[in-house]
1. Under unit Cβ charges (Lys, Arg +1; Asp, Glu -1), what dipole magnitude, rounded to 20 debye, does the chain have relative to its Cα centre?
2. Can you spot the aspartates and glutamates whose alpha carbon is less than 13 Å from LYS62's alpha carbon? Ignore those fewer than 8 places along the same chain.
3. Roughly what angle does helix 193-202 make with the longest principal axis of the chain, taking Cα atoms, 0 to 90 degrees, to the nearest 10?
4. Label ILE228 and LYS100 with points 7 Å out from Cα along Cα→Cβ: what is the distance between them in nm?
5. Given the peptides 198-208, 106-116, 64-74, arrange them by the average over their residues of other C-beta atoms within 10 Å, most packed first.
6. If R0 is 25 Å, what FRET efficiency do you get for GLU107 and ASN87 from their C-beta distance, rounded to 0.05?
7. Averaging sequence separations of C-alpha pairs under 8 Å and six or more residues apart, then dividing by the length of the chain, give the relative contact order as a whole percent.
8. Taking a threshold of 21 Å on the Cα-Cα distance, which of the pairs LYS100/LYS201; LYS109/LYS189; LYS20/LYS100; LYS20/LYS109 fall above it?
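Read the figures in this text as sums done on the coordinates, not as results from a lab. What you are looking at is a predicted structure, and each value in this text was computed from that prediction instead of being measured. All Cβ positions, even for glycine, are placed from backbone atoms using ideal geometry, and neighbour counts span all protein chains on display.
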Amino acid sequence: MNDAMSFGIHRLWKQQFISKLDPGRRPGGRPLDFLDVAGGTGDIAFGILDHASRMHGDYESKITVTDINADMLEEGKRRSLSTKYANSDRLEFLVQNAEKLEQIEDESKDMYTVAFGIRNFTDIPAALRTAHRVLRPGGVFACLEFSKVDNVILNTIYKQYSFNVIPIMGQLIAADYDSYQYLVESIEKFPSQEEFAAMIKDAGFQVPEPAYENLTFGVAAIHLGVKI
Ligand SMILES: C[S@@+](CC[C@H](N)C(=O)[O-])C[C@H]1O[C@@H](n2cnc3c(N)ncnc32)[C@H](O)[C@@H]1O
């Protein structure tokens, strides 16, 4: 459904997200601890480890993938078996609510990623405070999420497509109208780029300038925050 709805563009967004973060151990540095939250499918986690080895010759940094939904994590684990990280100690899966991350120690991670997940959290400010808690000083919070289209005409077309087409595609492809209706509504409810940047700041992060990068006219956006 993700491929059908976004015409495959979500894969390019994820690639752009990872390239922008440029994850990997730097010369003379120690291996890094990555955390991918709401990471069910493992897409981002595998991409981060691939990038670290390809671009930085980093074969040691580790990633923990967390998700509130054990079935989603099972799917991620299953998919990991067809990657070079199958059963590797560089990849760990944990069922965790992003609002608490009870099994993740304070100041234990160098990078926190969340892709198309935070929109679904019940208490987003609590999740952002938790992200701040688990990151080491200098650690980076990075979010890829659906956002607001920055052009009036394109926004009108996008809204028509979202509200009138996506739920029907959900019904036809996944036999699930309601979940895709929820998806469209949750995107609509999610704060604007500026509002979300302010929420990241409120959680204690320093937000770089510019505060976000729009992808495909703002259909999605990347936000960053640094723990000082
Ligand atoms: C659209 S999927 C995104 C999966 C993955 N990050 C990707 O981009 O392919 C959203 C995920 O958010 C998870 N999720 C929702 N609420 C959560 C919470 N409070 N804590 C952790 N994960 C949550 C869901 O279980 C689901 O796996």
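1. 540 debye
2. Straight-distance partners of LYS62: ASP33, ASP36, ASP50, ASP89, GLU92, ASP110.
3. The answer is roughly 40 degrees.
4. 3.2 nm
5. Details: 198-208: 16.4, 106-116: 21.0, 64-74: 18.6.
Descending packing order for the listed peptides: 106-116, 64-74, 198-208.
6. Working: r = 29 Å, r/R0 = 1.14.
Plugging the Cβ-Cβ distance into 1/(1 + (r/R0)^6) gives 0.30.
7. On the way: 406 pairs, mean separation 41.2, N = 228.
Value for the chain: 18 percent.
8. Details: LYS100/LYS201 19 Å; LYS109/LYS189 30 Å; LYS20/LYS100 27 Å; LYS20/LYS109 18 Å.
The pairs that break the limit, which is 21 Å between Cα atoms, are LYS109/LYS189; LYS20/LYS100.
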